[in-house]
Each structure stands twice: as structure tokens, then as C-alpha cells.
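Trainee: Please find one structure pasted underneath; my questions will follow.
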Amino acid sequence: MKIGLIGTGRIGAFHAATLKTVPGVERVVVADVDTARAQALAASAGVEAARSVDELYADGLDGVVIAAATSAHAALIHQALDHGVPVFCEKPVAADVPGTLAVVERARTATVPVQIGFQRRFDAGYRAAREALRAGDLGWVHTLRACTSDPAPPHASYVPTSGGLFRDCSIHDFDILRWVTGREVVSVFALGANRGEDFFAAGDDVDTCAAVLRFDDDTLATVTATRYNGAGYDVRLEVCGSRDTRVVGLDDHAPLPTAEPALSWRRGTPYATFMERFHDAYVTELAAFVEVAAGRAANPCSAAEALEALYVAEACDLSRRKGEPVTVAEVRA
């Protein structure tokens, strides 16, 4: 198979190296608006480079991976569908709900799949928690607690284009909560705060947030996120049931120093970045896309699924601004 890759930044470079190792992939061709960067990646990764995205498609592709800037995602997905090429796109589908809806509608009538990159669905811990819940090992779930905590904030230039903390960061938690439980969020109450750099407030964003979610079966979940977790990169999920509990992300690299004086807590070096924490999940995700593109597997995360997570993020941001609970129905187009 010949797989194209659009976008040769940090995640694009990682995907290029990964695609080379996926069984069945014989050629990887990269393209970027920055032609020199694409050529440099091709040389370092041992893949091919196209002079433009148009040239990438001219010679035929069996699938394309989009790892470009968020603002380009929707247009690039439409372009792939115009060419009848199966597409994988990192989240988000688009920068807003209307753009996402347009892709969802287009994908529904397309002859090729559109897979969206929510890599936590491919993480071993999240999968084990989902299986335990679905098998009845946990009984009925009463509470879920999800957190995503970055050790340091992004560059100030990233904030105005990020979509905000709920859409950029917590959306992964919203997606995985839906995926693990198989339930839909019906209402939220969210708060945000700015205790760090002024550029978050200047960009109409927050650096820390917390939300309470109510699901359609009255299960409750809390979701927290921050850009300032000094202990290290921390992503966890607690699934608490009437019979048992599962905790995802509680390993030797979890940045959880104990305050108990008599307890010795085994600690390794905390994960530095999301790419380190979810390395294996990203690899598994791209291998799954190759199977989807080849027609040998069902799409594990459609654009319509991504839209549902976006609606929850939109509801949380609206709740933060209004200072009151918001139903997800209020933000649906």
C-alpha cells in the first residue's frame, strides 16, 4: 500500500516513522506547505516527499494521514474524499461545529472511510477498563473521574488557535468517557480559572478547568485539566462501580507522589509528553487505519463520533461562560 502523509511537524514526523513499520505499507510519501520541511523529514525518515499536496494525490494513494494544522483539517478531509482516498485525520475534524458538521455529512455519503484520531481508544489501559465494564466486572458505574494535566503550558502563539482548553485538551476525556461507558452526556456544569500566564486570558481561554458531566443513565463524571501540573504529565481515568473499580494510567510513570509519611510509593520518571505516554496507542491506531483503508476492518472512530465529543466540549465552554449548567441539546446544531 502507498500511504500519503500531510503535515510534517512533530506528530507528522512520528507518524511517518510509524507508517514505515506497519505491515502492508510499502511506500510513505509526505507533503507539507513547507516543502523544505517535508523534504528534510523524508531524508531523515527514509520516506518519499512530494512537492505539494496536489502532487501527493497525482500518483495515486491507498490512504492519507492528515497531521497538518487544525485550521486545515476540514479542507484536507474534503480534498481526500474528492479523490476517493481513505483518510485518517488527527482531531479535531474542524475548528468549529459548522465545519465539523459539513465533514460529517460529506463522510456519510462518501465511498471511503474517514477515521478521526482519538488515540486513547487504542491504549491498553482504557481498553481493559472498557472490557471490564462491558463484562459486568464493575457492576453498575456510579462515578468516573478523568484528568488530563500538562506539565507546562504551550507557546503563547498556540492559544488563540487551539479552540480553548475544553476543545483542545478535555475533548480527549469526553471522547473516551463516551467510548468506555457506551453512554451519552446529557448535561454539564463547568468552571475555568486563570492562575498562570496572562496569554491564556488574552486568548479568551483558561489554564485550568473542571466539569461535572451527567450521562443519560444518571452516571456522574468529573473531568479536570490544567496546563500547569508541576509533578509531570498526568492522564488518568477512574471507573468506579458498585462491584469494583478500574484505574487507567496508574503505572510507575504516574506523577503521584504520596503525602503519607509511612508509605513508600514506587515511582519512575513521569511521562514528559502525550506522545511518550501514548506512543503504543498511536502506533496501534495507525495500524488500524491501514486495515480500515484496505477494507479489512470497520472504522473505529468516525467523524460523527468526533462530533459528539465536540458537542460536550461546546457545552462545557458555554457553561463556563454562563456560570450555570448547560444541556448538550442546547449546543447541537
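The values are calculated or read from the model by the stated rules, or taken from the named source; none is laboratory data. A quick note: this is a predicted structure, and the numbers were derived from the prediction, not measured. All Cβ positions, glycine included, derive from the backbone under ideal geometry; neighbour counts span all protein chains shown. Note: areas computed on protein heavy atoms with side chains; ligands, DNA, RNA excluded. Shrake-Rupley method; radii C 1.70, N 1.55, O 1.52, S 1.80 Å.
Trainee: Extension gain Val186-Ala102, at 0.36 nm per residue separation less the Cα-Cα distance, in nm?
Mentor: Stretched out fully, the Val186 to Ala102 stretch lengthens by 27.9 nm.
Trainee: I've got another one for you. For Phe88, what residues show an amide H to amide H distance below 5 Å, using hydrogens built from the backbone and excluding near sequence neighbours?
Mentor: The answer is Val64, Val65, Ile66, Gln115.
Trainee: Rounded to the nearest 10 degrees, what's the angle between the helix 171-181 long axis and the longest principal axis of the chain, both from Cα atoms, 0 to 90?
Mentor: Helix 171-181 sits roughly 70 degrees off the main axis of the chain.
Trainee: Related question: Once each part is reduced to its C-alpha centroid, what is the distance from the range 1-59 to the range 115-156 in angstrom?
Mentor: Their Cα centres are 30 Å away from one another.
Trainee: Taking 8 Å as the Cα distance limit and 6 or more residues as the minimum spacing, I'd like the relative contact order of the chain as a percentage.
Mentor: Over the chain, the number comes to 20 percent.
Trainee: With each pseudo-label sitting 7 Å past Cα toward Cβ, what's the Asn194-Lys20 distance in nm, one decimal?
Mentor: Inter-label distance under the simple model: 4.3 nm.
Trainee: Given a Förster distance of 56 angstrom, what is the FRET efficiency for Thr109 paired with Thr273, based on the Cβ-Cβ distance and rounded to 0.05?
Mentor: About 0.90, to the nearest 0.05.
Trainee: Rank Gly203, Val248, Ala146 by how far each Cα sits towards the positive end of the charge dipole of the chain (+1 on Lys, Arg Cβ; -1 on Asp, Glu Cβ) and give me just the farthest.
Mentor: Val248
Trainee: Using Cα pairs closer than 8 Å and at least 6 residues apart in sequence, work out the relative contact order for the range 1-123, in percent.
Mentor: Averaging sequence separation for qualifying contacts and normalising by length gives 22 percent for the range 1-123.
Trainee: Take the chain, mark every one of the chymotrypsin sites (Phe, Trp or Tyr not before Pro) that falls in a DSSP loop and has at most 13 other Cβ within 10 Å, then report the longest stretch left between them, sites excluded.
Mentor: 1-139
Trainee: On to the next question. Would you grab the residues whose amide H sits under 5 Å from the one on Tyr228? Only those 5+ places off in sequence or on another chain, please, with H modelled 1.01 Å from N.
Mentor: Asp150
Trainee: Which trypsin sites (Lys or Arg not before Pro) in the range 9-115 pass both tests, a DSSP loop state and at most 14 other beta-carbon atoms within 10 Å?
Mentor: Arg51
Trainee: While we're looking at this one, here's another question. How much of the DSSP bridge set in the chain is antiparallel, in percent, rounded to the nearest 5?
Mentor: Looking only at bridges with both residues in the chain, the antiparallel portion is about 55 percent.
Trainee: Taking springs between alpha-carbon atoms closer than 10 angstrom, which of Ala36, Ala124, Ala281 fluctuates most in the Gaussian network model of the chain?
Mentor: Ala36
Trainee: Let me spell out the model: positive unit charges on the Cβ of Lys and Arg, negative unit charges on the Cβ of Asp and Glu, origin at the Cα centre of the range 83-178. What dipole size does that give, in debye rounded to 20?
Mentor: For the range 83-178, the charge dipole is close to 240 debye.
Trainee: Placing +1 at every Lys and Arg Cβ and -1 at every Asp and Glu Cβ, with all other atoms neutral, what dipole size does the range 177-231 have around its Cα centre, in debye to the nearest 20?
Mentor: It works out to roughly 180 debye.
Trainee: Pop out the ³J(HN,Hα) list for the range 41-52 in order, Karplus 6.51 cos²θ - 1.76 cosθ + 1.60 with θ = phi - 60°, rounded to Hz; leave Gly and Pro as x.
Mentor: With the stated coefficients, the range 41-52 comes to 5, 4, 5, 6, 9, x, 10, 9, 10, 9, 6, 7 Hz.
Trainee: Counting pairs of alpha carbon atoms under 8 Å apart in space and at least six apart in sequence, what relative contact order in percent does the range 111-236 give?
Mentor: RCO, the range 111-236: 35 percent.
Trainee: Which one is right for this structure if Rg/Rh (Cα atoms, Kirkwood Rh) is calculated from it: [x] 1.45; [y] 0.97; [z] 1.03?
Mentor: Among [x] 1.45; [y] 0.97; [z] 1.03, the one derived from this structure is [y].
Trainee: In the range 227-333, what percent of the accessible surface is made up of carbon and sulfur (1.4 Å probe, ligands and nucleic acids excluded)?
Mentor: The computed percentage sits at 50.
Trainee: Another question, if that's okay. Under 10 Å, Cα contacts only: if you run a Gaussian network model on the chain, which one of Thr161, Thr258, Thr70 comes out with the highest mean-square fluctuation?
Mentor: It is Thr258.
Trainee: Suppose every Lys and Arg Cβ carries +1 and every Asp and Glu Cβ carries -1, with no other charges. What dipole size does the chain come out with about its Cα centre, to the nearest 20 debye?
Mentor: The dipole of the chain has a size of about 420 debye.
Trainee: With θ set to phi - 60°, apply the Karplus curve 6.51 cos²θ - 1.76 cosθ + 1.60 along the range 72-83 and write out the HN-Hα couplings as whole Hz, x wherever there is a Gly or Pro.
Mentor: Ordered by residue, 3J(HN,Hα) equals 9, 4, 4, 4, 5, 5, 4, 5, 4, 5, 4, 8 Hz.
Trainee: Follow-up. If Lys and Arg each add +1 and Asp and Glu each add -1, what is the summed charge of the other residues whose beta carbon sits under 12 Å from the beta carbon of Gly7?
Mentor: Every neighbour counted, the sum reads -1.
Trainee: Heavy-atom accessible area per residue, the chain, 1.4 Å probe: how many Å²?
Mentor: For the chain, the solvent-accessible area averages 44 Å² per residue.
Trainee: For the range 9-20, what does the Karplus curve 6.51 cos²θ - 1.76 cosθ + 1.60, with θ = phi - 60°, yield as ³J(HN,Hα) per residue in whole Hz, taken in order and with x for Gly and Pro?
Mentor: Computed from phi, the couplings for the range 9-20 are x, 4, 6, x, 4, 5, 5, 4, 5, 5, 4, 4 Hz.
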